[in-house]
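The values are calculated or read from the model by the stated rules, or taken from the named source; none is laboratory data. Here the structure is a predicted model, which means the values were calculated and not measured. Cβ placement follows ideal geometry from the backbone for every residue including glycine, while neighbour counts extend to all protein chains displayed. Quick note on the areas: whole protein, heavy atoms, side chains included, nothing else; ligands and nucleic acids left out. Shrake-Rupley method; radii C 1.70, N 1.55, O 1.52, S 1.80 Å.
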Amino acid sequence: MRAGQEQLIGEIYDAAMGTGPWTALLERIAAALGAEVGLVFVEDFVSPRAPFVETFPDVGNPHMRSYVTEHRVNPWSRAALRSPVGVVMRTERTVPLRTLLASRFYEDCLEPEGLLYTLGANLVLERDKLTGVAFVRARRRGEYEPDEAEALQRLAPHLGRAVEARLRLAACDLRARAAEEALSRLAGAVLLLDPRRRLLHASRGAT
(Lines give C-alpha, C1' and ligand atoms only; values in the text may rest on other atoms or scores of the structure.)
Protein backbone atom coordinates (compact mmCIF):
# COMPACT_ATOMS: atom_id res chain seq x y z
CA MET A 1 0.00 0.00 0.00
CA ARG A 2 2.99 2.32 0.54
CA ALA A 3 3.56 2.62 -3.21
CA GLY A 4 0.14 4.13 -3.83
CA GLN A 5 -0.12 6.02 -0.55
CA GLU A 6 0.66 9.48 -1.95
CA GLN A 7 -1.99 9.03 -4.64
CA LEU A 8 -4.52 7.92 -2.03
CA ILE A 9 -3.72 10.96 0.12
CA GLY A 10 -4.35 13.19 -2.88
CA GLU A 11 -7.66 11.47 -3.51
CA ILE A 12 -8.61 11.95 0.15
CA TYR A 13 -8.27 15.73 -0.18
CA ASP A 14 -10.03 15.72 -3.54
CA ALA A 15 -12.99 14.07 -1.81
CA ALA A 16 -12.83 16.65 0.98
CA MET A 17 -13.09 19.51 -1.51
CA GLY A 18 -15.90 17.86 -3.43
CA THR A 19 -13.79 17.28 -6.54
CA GLY A 20 -13.63 13.52 -6.07
CA PRO A 21 -16.23 10.97 -4.96
CA TRP A 22 -16.02 9.40 -1.50
CA THR A 23 -17.34 6.11 -2.88
CA ALA A 24 -14.43 5.68 -5.29
CA LEU A 25 -11.95 6.62 -2.56
CA LEU A 26 -13.44 4.11 -0.14
CA GLU A 27 -13.33 1.45 -2.83
CA ARG A 28 -9.63 2.12 -3.43
CA ILE A 29 -8.73 1.98 0.27
CA ALA A 30 -10.88 -1.12 0.78
CA ALA A 31 -9.11 -2.87 -2.09
CA ALA A 32 -5.70 -1.98 -0.63
CA LEU A 33 -6.73 -3.38 2.77
CA GLY A 34 -8.45 -6.50 1.43
CA ALA A 35 -11.86 -5.37 2.67
CA GLU A 36 -15.28 -5.88 1.13
CA VAL A 37 -16.93 -2.78 2.64
CA GLY A 38 -15.70 0.73 3.39
CA LEU A 39 -17.62 3.53 5.01
CA VAL A 40 -17.17 7.01 6.41
CA PHE A 41 -19.94 8.25 8.66
CA VAL A 42 -21.08 11.09 10.89
CA GLU A 43 -23.28 9.73 13.65
CA ASP A 44 -25.12 11.60 16.41
CA PHE A 45 -26.23 8.91 18.85
CA VAL A 46 -28.68 11.19 20.71
CA SER A 47 -30.57 12.20 17.56
CA PRO A 48 -33.27 10.14 15.85
CA ARG A 49 -32.00 11.44 12.52
CA ALA A 50 -30.16 8.88 10.39
CA PRO A 51 -26.39 9.39 10.16
CA PHE A 52 -24.59 10.77 7.16
CA VAL A 53 -22.97 7.71 5.59
CA GLU A 54 -20.87 7.29 2.47
CA THR A 55 -20.20 3.65 1.67
CA PHE A 56 -18.66 1.24 -0.76
CA PRO A 57 -20.67 -0.67 -1.91
CA ASP A 58 -23.51 1.84 -2.18
CA VAL A 59 -25.81 2.35 0.81
CA GLY A 60 -28.60 0.88 -1.33
CA ASN A 61 -27.44 -2.53 -0.13
CA PRO A 62 -30.32 -3.82 2.06
CA HIS A 63 -28.04 -4.93 4.86
CA MET A 64 -26.35 -1.53 4.93
CA ARG A 65 -29.79 0.10 5.08
CA SER A 66 -30.54 -2.15 8.04
CA TYR A 67 -27.47 -0.75 9.78
CA VAL A 68 -28.56 2.86 9.15
CA THR A 69 -32.20 2.36 10.14
CA GLU A 70 -32.06 -0.25 12.92
CA HIS A 71 -28.56 -0.91 14.21
CA ARG A 72 -26.89 2.45 14.70
CA VAL A 73 -26.03 1.42 18.26
CA ASN A 74 -24.30 -1.95 18.13
CA PRO A 75 -21.34 -3.73 19.77
CA TRP A 76 -18.90 -2.09 17.36
CA SER A 77 -20.28 1.45 17.78
CA ARG A 78 -20.17 1.12 21.59
CA ALA A 79 -16.54 0.01 21.39
CA ALA A 80 -15.74 2.88 19.00
CA LEU A 81 -17.02 5.47 21.49
CA ARG A 82 -14.36 4.27 23.94
CA SER A 83 -11.54 4.53 21.41
CA PRO A 84 -9.26 7.60 21.19
CA VAL A 85 -9.50 9.81 18.10
CA GLY A 86 -7.04 8.95 15.37
CA VAL A 87 -6.10 5.52 16.72
CA VAL A 88 -6.87 2.62 14.39
CA MET A 89 -8.52 -0.31 16.12
CA ARG A 90 -9.26 -3.87 15.11
CA THR A 91 -12.67 -4.37 16.63
CA GLU A 92 -12.26 -8.12 17.05
CA ARG A 93 -9.67 -7.14 19.69
CA THR A 94 -12.14 -4.87 21.55
CA VAL A 95 -15.46 -6.71 21.09
CA PRO A 96 -15.57 -10.34 22.26
CA LEU A 97 -16.43 -12.56 19.31
CA ARG A 98 -19.19 -14.31 21.26
CA THR A 99 -20.80 -10.91 21.98
CA LEU A 100 -20.77 -9.93 18.33
CA LEU A 101 -22.01 -13.29 17.04
CA ALA A 102 -24.90 -13.24 19.51
CA SER A 103 -26.08 -9.76 18.43
CA ARG A 104 -28.96 -8.86 16.12
CA PHE A 105 -26.50 -6.51 14.41
CA TYR A 106 -24.39 -9.48 13.31
CA GLU A 107 -27.46 -11.49 12.33
CA ASP A 108 -29.06 -8.70 10.27
CA CYS A 109 -26.08 -6.80 8.80
CA LEU A 110 -22.93 -8.91 8.80
CA GLU A 111 -23.80 -12.58 8.56
CA PRO A 112 -25.86 -12.28 5.32
CA GLU A 113 -22.80 -10.73 3.62
CA GLY A 114 -20.27 -13.09 5.20
CA LEU A 115 -18.59 -10.16 7.01
CA LEU A 116 -16.88 -10.26 10.38
CA TYR A 117 -13.63 -8.29 10.83
CA THR A 118 -13.43 -4.49 11.01
CA LEU A 119 -10.54 -2.05 10.92
CA GLY A 120 -11.58 1.48 11.81
CA ALA A 121 -10.78 4.76 13.48
CA ASN A 122 -12.58 7.66 15.07
CA LEU A 123 -11.73 10.78 13.11
CA VAL A 124 -13.72 13.39 15.09
CA LEU A 125 -15.47 12.83 18.42
CA GLU A 126 -17.58 15.59 19.99
CA ARG A 127 -19.74 14.59 22.95
CA ASP A 128 -22.19 12.09 21.44
CA LYS A 129 -21.30 12.84 17.82
CA LEU A 130 -18.86 10.49 16.17
CA THR A 131 -17.21 10.83 12.78
CA GLY A 132 -15.31 7.75 11.76
CA VAL A 133 -14.15 5.40 9.07
CA ALA A 134 -14.40 1.62 8.95
CA PHE A 135 -13.40 -1.16 6.60
CA VAL A 136 -15.09 -4.54 6.97
CA ARG A 137 -13.75 -7.78 5.53
CA ALA A 138 -15.14 -11.24 4.98
CA ARG A 139 -14.88 -13.86 7.69
CA ARG A 140 -13.15 -16.20 5.24
CA ARG A 141 -10.21 -13.76 4.89
CA GLY A 142 -9.35 -13.87 8.59
CA GLU A 143 -8.27 -11.05 10.88
CA TYR A 144 -6.42 -7.98 9.67
CA GLU A 145 -2.65 -8.18 9.83
CA PRO A 146 -0.55 -5.61 11.75
CA ASP A 147 0.81 -4.10 8.52
CA GLU A 148 -2.75 -3.49 7.29
CA ALA A 149 -3.61 -1.69 10.53
CA GLU A 150 -0.42 0.38 10.14
CA ALA A 151 -1.40 1.29 6.57
CA LEU A 152 -4.75 2.68 7.71
CA GLN A 153 -3.02 4.41 10.64
CA ARG A 154 -0.89 6.36 8.14
CA LEU A 155 -4.02 7.50 6.30
CA ALA A 156 -6.11 8.29 9.40
CA PRO A 157 -4.79 11.84 10.03
CA HIS A 158 -5.47 12.79 6.42
CA LEU A 159 -8.95 11.24 6.53
CA GLY A 160 -9.68 13.17 9.73
CA ARG A 161 -8.65 16.52 8.25
CA ALA A 162 -10.55 15.76 5.05
CA VAL A 163 -13.77 14.94 6.89
CA GLU A 164 -13.48 18.09 9.02
CA ALA A 165 -12.95 20.18 5.88
CA ARG A 166 -15.94 18.55 4.19
CA LEU A 167 -18.17 19.20 7.21
CA ARG A 168 -17.07 22.86 7.41
CA LEU A 169 -17.66 23.37 3.70
CA ALA A 170 -21.12 21.83 4.05
CA ALA A 171 -21.89 24.19 6.95
CA CYS A 172 -20.70 27.19 4.92
CA ASP A 173 -22.85 26.12 1.97
CA LEU A 174 -25.87 25.82 4.26
CA ARG A 175 -25.33 29.30 5.71
CA ALA A 176 -24.80 30.76 2.24
CA ARG A 177 -28.04 29.22 0.96
CA ALA A 178 -29.91 30.54 3.99
CA ALA A 179 -28.50 34.04 3.42
CA GLU A 180 -29.41 33.97 -0.28
CA GLU A 181 -32.94 32.85 0.55
CA ALA A 182 -33.30 35.68 3.08
CA LEU A 183 -32.10 38.23 0.49
CA SER A 184 -34.49 36.82 -2.10
CA ARG A 185 -37.43 37.45 0.21
CA LEU A 186 -36.73 41.18 0.39
CA ALA A 187 -39.13 43.39 -1.55
CA GLY A 188 -36.39 45.44 -3.21
CA ALA A 189 -33.72 44.39 -5.68
CA VAL A 190 -30.46 43.10 -4.17
CA LEU A 191 -27.29 42.45 -6.15
CA LEU A 192 -24.14 40.94 -4.64
CA LEU A 193 -20.90 41.77 -6.49
CA ASP A 194 -17.32 40.67 -5.97
CA PRO A 195 -14.45 43.25 -5.77
CA ARG A 196 -14.26 43.20 -9.59
CA ARG A 197 -17.97 44.00 -9.79
CA ARG A 198 -18.88 40.59 -11.12
CA LEU A 199 -22.35 39.39 -10.19
CA LEU A 200 -22.42 36.77 -7.47
CA HIS A 201 -26.12 36.72 -6.61
CA ALA A 202 -29.28 38.50 -7.65
CA SER A 203 -32.44 38.47 -5.52
CA ARG A 204 -35.82 37.63 -7.04
CA GLY A 205 -36.66 41.33 -7.05
CA ALA A 206 -33.69 42.06 -9.31
CA THR A 207 -34.65 39.60 -12.03
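Between Arg98 and Glu126, what's the calculated FRET efficiency when r is the beta-carbon distance and R0 is 41 Å? Round to 0.05. List each step's numbers first, then the result.
Details: r = 32 Å, r/R0 = 0.78.
Using R0 = 41 Å, I get an efficiency of 0.80.
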Problem - Cα convex hull of segment 1-154 - mean projected area over all directions, nm² - result: 8.7 nm²
Problem - Glu6 versus Glu164: modelled label distance in nm, points set 7 Å from Cα along the beta carbon direction - result: 2.5 nm
Exercise for the section: Leaving ligands, DNA and RNA out of it, rank Met89, Met17 by accessible area with a 1.4 Å probe, largest first. Expected result: Met17, Met89
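Rounding to the nearest 20 debye, state how big the charge dipole of segment 66-114 is about its Cα centre with +1 on each Lys and Arg Cβ and -1 on each Asp and Glu Cβ.
Details: 7 positive and 6 negative charges, 73 e Å.
In total the dipole reaches around 360 debye.
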